[in-house]
Amino acid sequence: MPVRDRGLWHHFDSLDHQADSNLLGMWVFLATELLVFGALFTGYSAYRWRYPAGFEAGSRHLNLLIGGVNTVVLLTSSLTMALAVRAASQGRQALLVRLLLATLFLGSAFLGLKAVEYRQDYLERLVPGLAFDRGAWQELHVNPNHVQLFLIFYYVMTGIHALHLTIGIGVLGILTLKASRGHFTPQYSAPVEMWGLYWHFVDIIWLFLLPLLYLVSTRTSFY
Amino acid sequence: MTTLTTPYRPQAKVTETTAENYLNVAYGVKSWLLTTDHKRIGLLYLMSVTVMFFVGGVAATLIRLNLLTPHGQLVTADTYNKLFSAHGIVMVFFFLVPVVPTVLGNFMLPLMIGARDLAFPRLNLASWYIYLVGAFLMLLVLFSGGVDTGWTFYTPFSSKASHTNVLPAVTAIVIAGFSSIFTGLNFVVTVHRLRAPGLTWFRLPLFVWSLYSTSIIMLLATPVLAMLFVLLAIERLWGVGIFDPALDGDPLLFQHLFWFYSHPAVYIMILPGMGIVSEILPCFSRKNIFGYQFIAFSSISIAVIGFLVWGHHMFVAGESVYAALVFSLLSYLVAVPSAIKVFNWTATLYKGSVSFQTPMLFALGFIGLFTIGGLTGLMLAALGLNIHVHDTYFIVAHFHFIMVGGMVMGYMAGLHYWWPKMTGKMYSEWWARLSALIIFVGFILTFMPQFILGYLGMPRRYHVYPAEFQVLNVLSTAGASILGVGYLLPFAYLIASLFGRTRSGPNPWAATGLEWQTPSPPPPQNFLVTPHVTCGPYEYALSSEGDHASS
Ligand SMILES: [Cu+2]
């Protein structure tokens with residue numbers, strides 16, 4: 001029996017073969033994920049096309065400042081993630097750990113800011129079913145039903161996005177632990193690369209959410 | 001040095017009685033519950049989906065019993081609603097969708113492509129546990145009052161109007177959906193990355209092509225259903241009106257998203273059956289398959305076009321006339337690849353040396369019943385006729401011909417074909433042929449009268465009906481009881497075969513596929529030596545290509 005590499009499953013021929021298959025698995029999974037958000041984009045589009053005024057009015061009440069800052073935070077985290085993948089493939093252990101930690105920190109910062117934003121939305125009575133002021137919208141000559149529909153899609157889309165980010169942070173935490181124990185080598189770095197793909201995907205989704213939710217109409221103020 | 005090469009040459013040297021196989025390699029509950037062997041996981045799935053099949057079957061039995069008399073004396077209208085909902089939900093989401101991929105696909109796919117396992121063995125086991133969680137939750141829902149929405153969960157039945165366990169039920173379905181997604185992911189990567197040396201795409205068995213197409217549908221359709229149910233849950237929990245016209249929501253959006261999953265899901269429920277038939281016909285007519293590439297690509301094109309026809313479920317629901325026209329046309333188009341398959345199967349039989357063993361009987365039953373189901377599907381795709389028979393028993397009969405006459409027949413064909421490979425034992429051929437016959441006769445008697453009932457105007461989903469429909473309903477119920485016997489028989493003789501002494505040997509059907517070149521039951525690593533593939537999967541004595549016969 002030839003000696004098998006560490007971390008190699010019996011049904012693959014080599015670590016390369018295994019890494020290659022793992023990456024393909026992640027790509028296929030991301031195709032599924034695309035349809036997760038695709039379904040929501042479809043529902044959003046149907047109602048936005050039908051109720052443009054309500055969607056514009058709702059959008060103007062979201063906090064573009066936090067949304068914008070979060071975009072920068074998330075894009076930076078993609079940079080650190082990409083550098084982490086590079087560090088893993090070069091076998092630079094200490095750098096890998098630091099970059100993963102940076103990504104973790106930026107991802108958590110996004111979630112923190114998002115939580116602050118949700119709280120503000122609640123205080124401004126922008127949560128259908130929990131805190132929503134129909135009369136205030138009627139005074140603005142906007143149909144509150146249409147604003148509600150916008151807000152529902154806002155919460156579902158950003159909520160599912162935040163869920164994905166939370167899962168990503170969890171996985172990155174495990175990867176950081178493993179990296180700090182010297183688990184990854186230039187020959188065995190596929191998990192970092194795989195979850196790097198996932199991380200970038202979650203970022204790209206946000207790049208679609210930002211204009212769809214925050215930039216529906218021309219705005220005069222940021223929040 | 002021994003190597004395995006195709007075409008198949010019987011290897012007399014294989015002594016399997018003492019050899020290590022996937023069943024005797026380890027014993028004990030833990031060795032099963034923590035296994036990552038795709039063959040063991042296939043058997044775990046076999047047991048779980050069989051339980052769900054019987055749960056759905058009990059609901060069906062009660063439905064048919066209630067319809068024996070026009071006044072519905074057995075159950076109340078409410079209970080009846082819960083019964084047909086339970087039957088539909090359990091059979092669609094917990095039996096028909098998973099059954100062939102997770103049982104036969106899980107077991108056979110790596111063997112058929114000469115791999116040692118699926119690409120992600122732990123994910124495979126996880127998908128079984130996820131399925132179990134979904135199934136348990138569903139059973140819990142059913143035994144704690146059930147749901148009355150029908151399997152389609154249309155709003156407002158499922159939002160404002162229902163006070164039953166809608167939320168736990170859709171949660172169970174979403175959970176089971178994740179198990180489908182993981183199975184599909186595993187299959188796609190396995191087919192791409194783990195084929196044996198020399199096994200090119202056009203040497204793949206057609207069952208593999210059909211599983212691959214099925215996986216694509218599972219991956220791309222299931223998440224849409226999951227998100228739809230998230231939206232539905234929010235509507236119920238927060239009392240907002242995503243699909244409520246009173247709050248400017250659109251109930252048609254629910255139906256669009258629902259059928260964007262559920263029409264392709266029909267192909268999740270039929271493509272694997274078509275793949276099984278494509279394996280069995282060449283074997284039992286000793287003849288190469290006719291039009292291999294046409295059958296392979298028809299699977300892919302069914303998967304693609306199948307995504308574009310969902311609107312044919314809303315012809316009378318307020319969809320625009322133009323949309324209806326387009327969806328009607330596309331629905332005709334999706335019938336073309338299915339027809340291509342049927343013609344190729346028929347051509348495979350032509351001048352073949354046909355023998356009628358059990359798998360072949362089921363496969364031939366599949367072709368006949370599927371053809372009837374497919375042709376009536378064309379009638380339903382026509383706008384005018386659709387309006388006449390919409391929501392009648394005509395629809396019920398049509399999709400049962402596809403799903404039961406097609407998929408369950410196909411599953412039975414595959415189960416009987418590969419049972420000796422899975423267990424190393426041969427069942428009683430006499431009993432098996434009898435059950436094939438009983439199932440066929442029972443099926444026809446159950447559902448043919450429903451075509452007539454529907455055409456005469458009997459609506460579906462009512463627990464009472466006008467007295468003039470009673471004769472046909474009695475016929476249907478009589479057929480269902482025969483069908484029930486037909487399904488119980490295999491349960492008995494297949495289990496009996498496990499305790500019998502009839503060993504099947506590695507290749508009881510003298511078939512050519514890779515899976516038959518390894519002992520039965522297969523060793524834990526599937527193959528003692530890595531196979532090298534040098535030709536297509538159906539190199540039987542007779543050729544379908546005429547001139548190439550001698551080459
Ligand atoms: Cu359909």
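The values are calculated or read from the model by the stated rules, or taken from the named source; none is laboratory data. Please read all numbers here as calculations on a predicted model, not as lab measurements. Virtual Cβ from ideal backbone geometry, glycine too; neighbours counted across all protein chains shown. Please note that ligands, DNA and RNA were not included when accessible areas were found on the heavy atoms of the full protein model with its side chains. Shrake-Rupley method; radii C 1.70, N 1.55, O 1.52, S 1.80 Å.
Worth pointing out:
- Helix B:38-66 axis, angle to chain B major axis (alpha carbon atoms, nearest 10°): 40
- Chain B: angle of helix B:271-285 to the longest principal axis, Cα-based, in degrees nearest 10: 40
- Segment B:243-280-segment B:131-145 distance, computed between alpha-carbon centres (Å): 22
- Percentage relative contact order, segment B:12-146, counting C-alpha pairs under 8 Å, at least six apart: 35
- Put a dot 7 Å past the Cα of B:Ser320, heading toward its Cβ, do the same for B:Leu378, and the two dots end up 3.0 nm apart.
- Mean separation of Cα contacts under 8 Å (6+ apart) over length of chain B, as relative contact order %: 21
- Cβ-Cβ distance of B:Leu456 and B:Ser355, R₀ of 56 Å, FRET efficiency by 1/(1 + (r/R0)^6): the value works out to about 0.85.
- For the residues of B:180-187, the average number of beta carbons from a partner chain within 10 Å of their own beta carbon is 3.
- Helix-only mean residue ellipticity at 222 nm for chain A, each DSSP H run of n ≥ 4 adding -39500 (n - 2.57), per residue, nearest 500: -26000 deg cm²/dmol
- Fully extended contour minus Cα-Cα distance, from B:Thr76 to B:Trp32, at 0.36 nm per residue: 11.5 nm
- Each of B:Leu434 and B:Val529 was given a label point 7 Å from its Cα along the Cα-to-Cβ line. The distance between the two points is 4.5 nm.
- Pairs with C-alpha atoms separated by more than 32 Å, drawn from the list B:Lys30/B:Lys341; A:Lys178/B:Lys421; A:Lys178/B:Lys30; B:Lys341/B:Lys421; B:Lys82/B:Lys341, are B:Lys30/B:Lys341; A:Lys178/B:Lys421; B:Lys82/B:Lys341.
- Remark on B:Leu199: its backbone amide H falls under 5 Å from those of B:Val533, a criterion applied only to residues 5 or more positions apart or on other chains, H modelled at 1.01 Å from N.
- Cα lying deepest toward the dipole's positive end in the protein assembly as shown, options A:Leu65, A:Thr176, B:Ile438, charges on Cβ: A:Thr176
- The listed peptides B:432-441, B:350-359, ordered by packing as a protection proxy, come out as B:432-441, B:350-359 (highest mean of other Cβ atoms within 10 Å first).
- Set of aspartates and glutamates near B:Lys351 by C-alpha distance (under 20 Å), chain-local residues within fewer than 8 positions excluded: B:Glu279, B:Glu539, B:Glu545, B:Asp547
- Our coupling estimate for segment B:434-449, obtained by passing each phi through the Karplus curve with A = 6.51, B = -1.76, C = 1.60 and θ = phi - 60°, is 4, 5, 4, 5, 4, 4, 4, 5, x, 5, 4, 5, 6, 9, 4, x Hz, Gly and Pro reported as x.
- Summed over both chains, the contact between B and A buries some 3100 Å² of accessible surface at a probe radius of 1.4 Å.
- For peptides A:73-81, B:381-389, sequence by mean Cβ density within 10 Å, most packed first: A:73-81, B:381-389
- Once the C-beta distance of B:Leu385 and A:Ser217 is scaled by a Förster radius of 45 Å, the resulting FRET efficiency is 0.45 to the nearest 0.05.
- Label point at B:Leu542 placed 7 Å out along Cα→Cβ; residues across segment B:197-223 whose backbone nitrogen lies under 11 Å: none
- B:Tyr393 accessible area, 1.4 Å probe, all protein chains in place, Å² to nearest 10: 10
- Percent accessible area from carbon and sulfur atoms, segment B:31-550, protein chains only, probe 1.4 Å: 72
- Straight-distance candidates among the lysines for linking to B:Lys425, with alpha-carbon spacing under 20 Å and chain neighbours fewer than 8 residues away dropped: B:Lys13, B:Lys39.
- Averaged over peptide A:116-128, the number of partner chain Cβ atoms lying within 10 Å of each residue's Cβ comes to 1.
- Taking 0.36 nm per residue of sequence separation and removing the Cα-Cα distance, the B:Phe297/B:Arg122 pair yields an extension gain of 59.9 nm.
- Solvent-accessible area per residue, Å², over chain A with all protein chains present [probe radius 1.4 Å]: 46
- Chain B pair-distance distribution - Cα-Cα, 20 Å bins, rounded %: 22, 57, 21, 1
- For segment B:329-382, the solvent-accessible area of protein heavy atoms averages 40 Å² per residue (probe radius 1.4 Å; ligands and nucleic acids excluded).
- Computed helical MRE - 222 nm, chain B, DSSP H runs ≥ 4 contributing -39500 (n - 2.57), nearest 500: -20000 deg cm²/dmol
- Taking every residue in A:30-40 and counting other chain Cβ atoms within 10 Å of its Cβ, the average works out to 6.
- Paramagnetic reach from A:Ala131 (point 7 Å along Cα→Cβ, amide N under 19 Å) across segment A:101-118: A:112-118
- Computed from Cα positions, the angle between helix B:206-238 and the longest principal axis of chain B comes to roughly 30 degrees.
- Partners for B:Lys160 among aspartates and glutamates (Cα-Cα distance below 16 Å; same-chain residues under 8 apart left out): B:Asp148, B:Glu235, B:Asp244, B:Asp248, B:Asp250
- For chain A, averaging the sequence separation of C-alpha pairs within contact (under 8 Å, six or more residues apart) and dividing by the residue count gives a relative contact order of 37 percent.
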